[in-house]
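S.K.: For reference, the structure I am asking about is given below.
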Amino acid sequence: MPSPVNAARAAASRLGRSQELPALAATVGGLLLAVLCAVAGLEIAALLLLLVSVVGEAFFERRPAAAGILLRHASVGVPMRFALRLVVALVATEHADSVGAWRALAAVGVAEVVVLCARALHVTYREIGPLKPMRTRNVPGDTRIHDAPPARVVEVVVSQLLVLVPTLVGAPWWLVVALAAVGIGVLVAASVPDMRASWRMRQQKRATGFTGPLRRVQDFLDDYRPEVVVHLSGPDTAAYQINTWLEALESLDRRVFIVLRDPPLFGRMASTSIPALELRDPGELLMLDFRAARIALYPANTGNNIHLLRLPTLMSAFIGHGDSDKSASNNPFSRAYDELWVAGEAGADRYRRSGLGIHEGQYRYVGRPQVHAISREPALGADDVPTVLYAPTWEGVNLDQEYSSVSAVGVRVVEALLAAQPPVRVVFKAHPFTGQRDAKYRFVLARIAGLIDDAAARTGIDHRVVKGGSINEWFNRATALVTDISSVVSDFLASEKPYAVFNHTDLDDAAFREEFPSTGAGTTIGRDGRGIAEFIDVVTRVSPDLHAERRASLAAYLLGPPEHRSLESFQAAIDAMIARSEADRAAYRDGTPTSEIPPTDASDLL
């Protein structure tokens, strides 16, 4: 049961970042208080709060915030908020110059509402209409379509002030009308060009299928002529799936182009020199001509992969985003790809055991370039206070894929590590998806973070909670690892350091290791906490490290031999696949009927 404090903190986080809350309080809180004061007959207080609410819009609507989106979805967007302000002004105004001024305020207020509603309708059109957001990196020219038209915050605030304030300070009716006309004119002058720009893009798309920005992307593709296309979709928390490949992709002497299908994911992609495109709309992606490209790489099995898989000129490879014993590592959808890139023999064995009928020619053993810089240091005994990295996975998309230790034993693991004697340093780095399906995981994360922060303050040991950056950096700082069934196990094995894995099943330890081979050279932690003390004894050298020799052979089985865990090996795999594509798909590019395409033996090309 979450504590009231944690529940309140979680609720507040849903409304936006902490720096956004004052603007929310001024805009919405000020408006609500103004309504209450007007009802209570406190005219001066109501009018002052009304002005605070208007000025708050300048900060509240400056950039998209969770609270702003929630209010719009609840039909309490800018037009409704102004309508409420207008009602408060009409009810609470004692200083109107005359009945004519009061009536003028009502008339110009309605006109302001109409203009604000037109702007809101334009925003909704951009959200659900045919114009989808598009961004690029490292592509020259104006190649962006924003997810919404410009907010024009200054114009919106100034317009509302010019409509409301004159009557509130006792201006005559003609001045009320004149100043309101200026304010409404300012808002119209700012809004019409934005609406016309949307209309022009819509007409371009209707006529040719290409908006202006998309045409400039096609012009870039015609000049750049990418050989390798990387395709991925997912939420912002899936950014690690592309980020884990950026170093290897940048090392290629081939022209690479990245296509990400979701705006939040694109925003979280790490800095890169590779040209990249964010394109949500499948129809627009189908319009682009990738005739120069030879191969497409897919780091995840997502439904819209079909938008590139449909192209016969592109050979496809599922490269994944980590080597693990999770069931996702032998997804039946994998049969759709020309090649399945696996790090070592373990990757192919997972597919073989699944009985999916994948033929041997689909496997390509490419090693694991991501681990090329993982060090075997610090070894046991190298540091006075060894560092234990606790890097659990998330709860999975369903109960069948719930491998995580966080909810089951996460607190117990951290408490045991923090109480270890001799002491160890604890670094906690949870999977970015944790808590996405099951909210209780978020509360456990908060409790673990509190334990670690308290221990750091109490002991002076640099215990840490890490939320970003590459986990490989922490592999090289850690003496040992505690984790769950995931690619973290395989990658850490490149260091050949001690590790422990949570047994999420009802199997005994021997059967668990047989079911999940990546655990075969580590300590097993049970749901009852067994294994934690044993592992701590190994890390602190109270007990001998009995798995050291086994870890080297298991690393080769999972990741391939050490010489294949390099950027050069990845380059060779790319070159081989491009050569295969040049031979096998040439007829498609030349326009030869598919019935005339001669069969080739792919194995002769590798």
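The values are calculated or read from the model by the stated rules, or taken from the named source; none is laboratory data. Please read all numbers here as calculations on a predicted model, not as lab measurements. Note: ideal-geometry Cβ built from the backbone for every residue, glycine included; neighbour counts use all protein chains shown. Surface accessibility is based on the protein's heavy atoms, side chains included, excluding ligands, DNA and RNA. Shrake-Rupley method; radii C 1.70, N 1.55, O 1.52, S 1.80 Å.
S.K.: Look at segment 118-133 and say how many of its residues are more than 24 Å from the chain's Cα centre (by Cα) and open to solvent by 30 Å² or more (accessible area, probe 1.4 Å).
M.R.: Of the residues in segment 118-133, the ones more than 24 Å from the chain's Cα centre (by Cα) are 118-122, 125.
Subsequent filtering for residues that are open to solvent by 30 Å² or more (accessible area, probe 1.4 Å) retains 118-121, 125.
Of the residues in that region, 5 qualify.
S.K.: If PRO140 passes every condition in (1) open to solvent by less than 60 Å² (accessible area, probe 1.4 Å); (2) part of a loop (DSSP other than H, G, I, E, B); (3) not aliphatic (A, V, I, L, M) but one, which one does it miss?
M.R.: For PRO140, the failing item is (1).
S.K.: Within segment 86-103, does at least one residue satisfy the condition of being surrounded by fewer than 19 Cβ atoms within 10 Å (Cβ to Cβ), closer than 18 Å to THR27 by Cα, in contact with a helix residue (DSSP H, G or I) (Cβ under 7 Å, 6 or more places away or on another chain) and touching a residue at least 40 places away in the same chain (Cβ under 8 Å)?
M.R.: Scanning segment 86-103 turns up no residue that is surrounded by fewer than 19 Cβ atoms within 10 Å (Cβ to Cβ), closer than 18 Å to THR27 by Cα, in contact with a helix residue (DSSP H, G or I) (Cβ under 7 Å, 6 or more places away or on another chain) and touching a residue at least 40 places away in the same chain (Cβ under 8 Å).
S.K.: Further, regarding this structure: Regarding segment 136-147, can at least one residue be identified that is touching a residue at least 60 places away in the same chain (Cβ under 8 Å) and closer than 21 Å to PHE59 by Cα? Can you show your working first?
M.R.: Let us first name the residues in segment 136-147 that are touching a residue at least 60 places away in the same chain (Cβ under 8 Å), namely 136-145, 147.
Cutting the leftovers down to closer than 21 Å to PHE59 by Cα gives us 147.
Scanning segment 136-147, I find at least one residue that is touching a residue at least 60 places away in the same chain (Cβ under 8 Å) and closer than 21 Å to PHE59 by Cα, so the answer is yes.
S.K.: Quick one: what pairs do we get from segment 188-211, first residue modelled with pLDDT under 95, second open to solvent by 60 Å² or more (accessible area, probe 1.4 Å) and assigned to a helix (DSSP H, G or I), C-beta under 6 Å, 6+ apart or different chains?
M.R.: Close Cβ pairs (under 6 Å, with a partner that is open to solvent by 60 Å² or more (accessible area, probe 1.4 Å) and assigned to a helix (DSSP H, G or I)) amount to GLY209/MET287; THR211/GLN204.
S.K.: Something else about it: Where the second residue is of a type in the set (Lys, Arg) and the first is farther than 21 Å from GLU415 by Cβ and lies in segment 473-491, which pairs have Cβ atoms under 9 Å and are six or more apart or on separate chains?
M.R.: Hits for this filter: PHE475/LYS497; ILE485/LYS326; SER486/LYS326; SER487/LYS326; SER490/ARG368; ASP491/ARG368.
S.K.: Also, I was wondering about something else. Hey, which of the strands (runs of 3 or more DSSP E) in segment 231-327, taking only ones fully inside, have at least 2 residues that are under 27 Å from ASP584 (Cβ atoms)? Talk me through it step by step, then tell me what you get.
M.R.: Working: elements: 256-260, 276-279, 295-298, 315-318.
Strands (runs of 3 or more DSSP E) meeting the threshold: 256-260, 295-298, 315-318.
S.K.: A follow-up question, please. Taking the options VAL366, VAL371, VAL385, name whichever one is closer than 30 Å to VAL542 by Cα and open to solvent by less than 20 Å² (accessible area, probe 1.4 Å).
M.R.: Values: VAL366 fails: closer than 30 Å to VAL542 by Cα; VAL385 fails: open to solvent by less than 20 Å² (accessible area, probe 1.4 Å).
One residue alone meets the criteria, VAL371.
S.K.: If we keep just the residues of segment 445-464 that are outside any helix (DSSP H, G or I) and either without any contact (Cβ under 8 Å) to a residue 40 or more places away in the chain or open to solvent by 30 Å² or more (accessible area, probe 1.4 Å) (or both), which is nearest to GLN401 (Cα to Cα)? Spell out how you get there, then give the answer.
M.R.: Residues of segment 445-464 that are outside any helix (DSSP H, G or I), as a first pass: 460-464.
Now drop any that are not either without any contact (Cβ under 8 Å) to a residue 40 or more places away in the chain or open to solvent by 30 Å² or more (accessible area, probe 1.4 Å) (or both), which leaves 460-462, 464.
Details: GLY460: 38, ILE461: 35, ASP462: 33, ARG464: 28 Å.
Per the stated criteria, the residue is ARG464.
S.K.: Among (1) under 20 Å from the mean Cα position of the chain (by Cα); (2) surrounded by 18 or more Cβ atoms within 10 Å (Cβ to Cβ); (3) not basic (Lys, Arg), where does SER271 come up short?
M.R.: (2)
Every residue, every condition in (1) free of Cβ contacts under 8 Å to residues at least 12 places away in the same chain; (2) surrounded by 17 or more Cβ atoms within 10 Å (Cβ to Cβ); (3) part of a helix (DSSP H, G or I); (4) touching a strand residue (DSSP E or B) at 6+ places or on another chain (Cβ under 9 Å), yes or no:
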position	(1), (2), (3), (4)
GLY357	no, no, no, no
GLY361	no, no, yes, yes
ARG376	no, no, no, no
LEU380	no, yes, no, yes
THR393	no, yes, no, yes
GLY396	no, yes, no, no
ALA420	no, yes, no, yes
VAL427	no, yes, no, yes
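S.K.: For segment 555-565, state whether one or more residues are at pLDDT 90 or above, open to solvent by less than 60 Å² (accessible area, probe 1.4 Å) and hydroxyl-bearing (Ser, Thr, Tyr).
M.R.: Within segment 555-565, none of the residues are at pLDDT 90 or above, open to solvent by less than 60 Å² (accessible area, probe 1.4 Å) and hydroxyl-bearing (Ser, Thr, Tyr).
S.K.: If you go through segment 248-265, how many residues are farther than 16 Å from ASN138 by Cβ and either more than 11 Å from the chain's Cα centre (by Cα) or basic (Lys, Arg) (or both)? Walk me through it before giving the result.
M.R.: Initially, segment 248-265 is screened for residues farther than 16 Å from ASN138 by Cβ, giving 248, 251, 253, 261-265.
Okay, now just the ones that are also either more than 11 Å from the chain's Cα centre (by Cα) or basic (Lys, Arg) (or both), so 248, 251, 253, 261.
Total meeting the criteria: 4.
S.K.: Have a look at ARG442, ARG437 and point out the one that is under 28 Å from ASN331 (Cβ atoms), within 20 Å of the chain's Cα centre (by Cα) and not in a loop (DSSP other than H, G, I, E, B).
M.R.: On the way: ARG437 fails: not in a loop (DSSP other than H, G, I, E, B).
One residue alone meets the criteria, ARG442.
S.K.: Residues in segment 41-54 that are open to solvent by less than 70 Å² (accessible area, probe 1.4 Å) and not hydroxyl-bearing (Ser, Thr, Tyr): how many? Write out each step before concluding.
M.R.: First, the residues of segment 41-54 that are open to solvent by less than 70 Å² (accessible area, probe 1.4 Å): 41, 43, 45-47, 49-51, 53-54.
Subsequent filtering for residues that are not hydroxyl-bearing (Ser, Thr, Tyr) retains 41, 43, 45-47, 49-51, 54.
Qualifying residue count for the region: 9.
S.K.: Which one of LEU221, LEU286, LEU179 is of a type outside the set (Ser, Thr, Tyr) and open to solvent by less than 10 Å² (accessible area, probe 1.4 Å)?
M.R.: Values: LEU286 fails: open to solvent by less than 10 Å² (accessible area, probe 1.4 Å); LEU179 fails: open to solvent by less than 10 Å² (accessible area, probe 1.4 Å).
It is LEU221.
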